[in-house]
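First the structure, in the form of structure tokens, and then the observations on it.
The values are calculated or read from the model by the stated rules, or taken from the named source; none is laboratory data. Computed from a predicted model, the values in this text were never measured in an experiment. All Cβ positions, even for glycine, are placed from backbone atoms using ideal geometry, and neighbour counts span all protein chains on display.
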Amino acid sequence: MLDKTRYPDNFIRFLGTAGTRFIMLSQRRASGGIWFSCGASRGVIDPGPGSLVRICEAVPPISPVDINTLILTHRHVDHSSDLNVLAEGMTLKSLEPRGFVLLTEDCFEDGDSVLLKYMKKKIKKIALHSDGAIFEPAAGVSVESVLHSHHGVECYGLIFRGSGLPVWGLVSDTSPLENFPERYKDCELIVINTALLLPRPRLNHMSLSDAKSLLARIRPRAAVITHMGNELLDMGSGEISRKLSLPGTKVTAAEDGMTIDLSGAVNGFYPDT
């Protein structure tokens with residue numbers, strides 16, 4: 001089990017598991033995104049509303065001033081609203097530009113940039129997603145962008161690789177795409193944003209059956225369902241895990257504040273909080 005007084009060397013912590021704007025606005029689940037520490041890279045994926053608060057409340061403690069990497073999968077407000085405040089923390093202790101930010105071109109375009117103009121000057125490196133592009137946010141860690149399809153905005157999933165680290169990926173908000181099994185086949189751990197109980201063709205989100213189909217084709221050692229809508233939250237974590245159960249793959253539905261040891265996830269044990 002996870003040592004409650006310290007974090008593993010490489011881990012992810014769910015600052016929020018809310019799926020859809022309705023859950024975000026009610027705060028039935030928090031909407032802070034995912035904290036990750038992978039090798040020398042420390043940061044947040046999709047820092048939505050409340051991300052800073054969830055970081056400051058975390059036990060064991062984590063700090064916005066320790067961040068050196070920020071990633072947006074897309075520009076929707078439930079994934080991006082705390083970007084600038086966390087960038088402020090990332091650059092606070094440095095007189096020189098610091099840190100790495102990865103986002104989409106439509107997050108960065110003049111006149112409608114999610115990243116504020118004055119903040120851009122404080123960041124050492126800003127990169128824009130493109131399908132299959134590989135970036136190095138910190139020494140020894142790479143992240144690959146995987147093109148998604150989501151309601152008319154640019155959107156990308158992620159695959160993290162690093163020396164001594166399991167390969168792990170994130171499927172962000174998207175319709176299920178035919179190339180996902182090939183793109184995510186190397187992932188030993190995969191996190192899937194799953195907003196829907198049943199497929200709804202007009203909504204570009206993964207459903208529970210879409211998630212199970214993907215897992216059945218890539219057979220990772222561990223999988224986590226997050227970004228859940230009301231129907232899935234009503235179902236409960238245990239029932240979600242049961243419905244997605246596959247031989248050889250440990251599946252769980254994330255809870256706010258849940259921390260996962262990346263090495264433990266692929267080596268047969270699964271810390272809960």
Going through the range 39-68 in order, the residues found to be of a type in the set (Gly, Ala, Ser), touching a helix residue (DSSP H, G or I) at 6+ places or on another chain (Cβ under 8 Å) and farther than 11 Å from Ala87 by Cβ are Gly48, Ser51, Ser63
Qualifying positions in the range 220-239 - modelled with pLDDT under 95 and either within 17 Å of Val171 (Cβ to Cβ) or among the hydroxyl-bearing types (Ser, Thr, Tyr) (or both):
Ser237
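Please verify whether Leu189 is of a type in the set (A, V, I, L, M, F, W, C), modelled with pLDDT of 95 or more, within 14 Å of the chain's Cα centre (by Cα) and over 15 Å from Asp46 (Cα atoms), treating the condition exactly as stated. Break it down into steps so the answer makes sense when it comes.
Details: of a type in the set (A, V, I, L, M, F, W, C): yes; modelled with pLDDT of 95 or more: yes; within 14 Å of the chain's Cα centre (by Cα): yes; over 15 Å from Asp46 (Cα atoms): yes.
Criteria met by Leu189.
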Which residue pairs have Cβ atoms closer than 7 Å, lie 6 or more positions apart in sequence or on different chains, and pair a first residue in the range 185-200 that is in contact (Cβ under 8 Å) with a residue 60 or more places away in the chain and in a strand (DSSP E or B) with a second residue that is crowded, with 24+ Cβ neighbours inside 10 Å and of a type in the set (D, E, K, R)?
Asn193/Asp173
Just to be sure I understand the filter: pairs with C-beta atoms under 6 Å, separated by 6 or more residues or on different chains, first member in the range 101-129 and among the charged types (D, E, K, R), second member in a loop (DSSP other than H, G, I, E, B). Which pairs pass?
Asp106/Arg75; Asp106/Glu154; Lys122/Pro97; Lys124/Pro97; Lys124/Arg98; Lys124/Gly99
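For the range 37-96: of the residues being among the hydroxyl-bearing types (Ser, Thr, Tyr) and touching a strand residue (DSSP E or B) at 6+ places or on another chain (Cβ under 7 Å), which is nearest to Gly16 (Cα to Cα)?
Start the filter on the range 37-96 by keeping residues that are among the hydroxyl-bearing types (Ser, Thr, Tyr), which leaves 37, 41, 51, 63, 69, 73, 80-81, 91, 94.
The next check asks that each one be touching a strand residue (DSSP E or B) at 6+ places or on another chain (Cβ under 7 Å); those that pass are 37, 41, 51, 69, 73.
Working: Ser37: 16, Ser41: 20, Ser51: 8, Thr69: 18, Thr73: 15 Å.
Ranking the qualifying residues of the range 37-96, first place goes to Ser51.
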Which of (1) of a type in the set (Asp, Glu); (2) touching an Asp or Glu at 6+ places or on another chain (Cβ under 6 Å); (3) buried (at least 19 other Cβ atoms within 10 Å of the Cβ) does Asp173 not meet, given it meets every other one?
(2)
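Considering only the range 215-224, state which residues are in contact with a helix residue (DSSP H, G or I) (Cβ under 6 Å, 6 or more places away or on another chain) and buried (at least 21 other Cβ atoms within 10 Å of the Cβ).
Of all residues in the range 215-224, those in contact with a helix residue (DSSP H, G or I) (Cβ under 6 Å, 6 or more places away or on another chain) come to 217-218, 221-223.
Residues satisfying the conditions are Ala222, Ala223.
Could you pull out every one of the helices (runs of 4 or more DSSP H) wholly within the range 1-115 that has 2 or more residues that are at pLDDT 95 or above and buried (at least 19 other Cβ atoms within 10 Å of the Cβ)? Steps first, please.
On the way: elements: 20-26, 51-57, 77-80, 83-91, 105-108.
Correct list: 20-26, 51-57, 77-80, 83-91.
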I'm told Ser163 meets every condition in (1) of a type in the set (S, T, N, Q); (2) out of contact with any Leu (no Cβ under 8 Å at 6 or more places or on another chain); (3) modelled with pLDDT of 95 or more except one. Can you identify the failing condition by its number?
(3)
Considering (1) farther than 23 Å from Asp234 by Cα; (2) without any contact (Cβ under 8 Å) to a residue 24 or more places away in the chain; (3) among the small types (Gly, Ala, Ser), say which one Ser209 fails and leave the rest.
(1)
Kindly provide the set of residues from the range 161-182 that are touching a residue at least 60 places away in the same chain (Cβ under 8 Å) and in a loop (DSSP other than H, G, I, E, B), ordered by number.
Ser163, Gly164, Leu165, Pro166, Ser172, Asp173
Looking at (1) aliphatic (A, V, I, L, M); (2) in a strand (DSSP E or B); (3) farther than 18 Å from Asp46 by Cα, find the lone condition where Leu158 falls short.
(3)
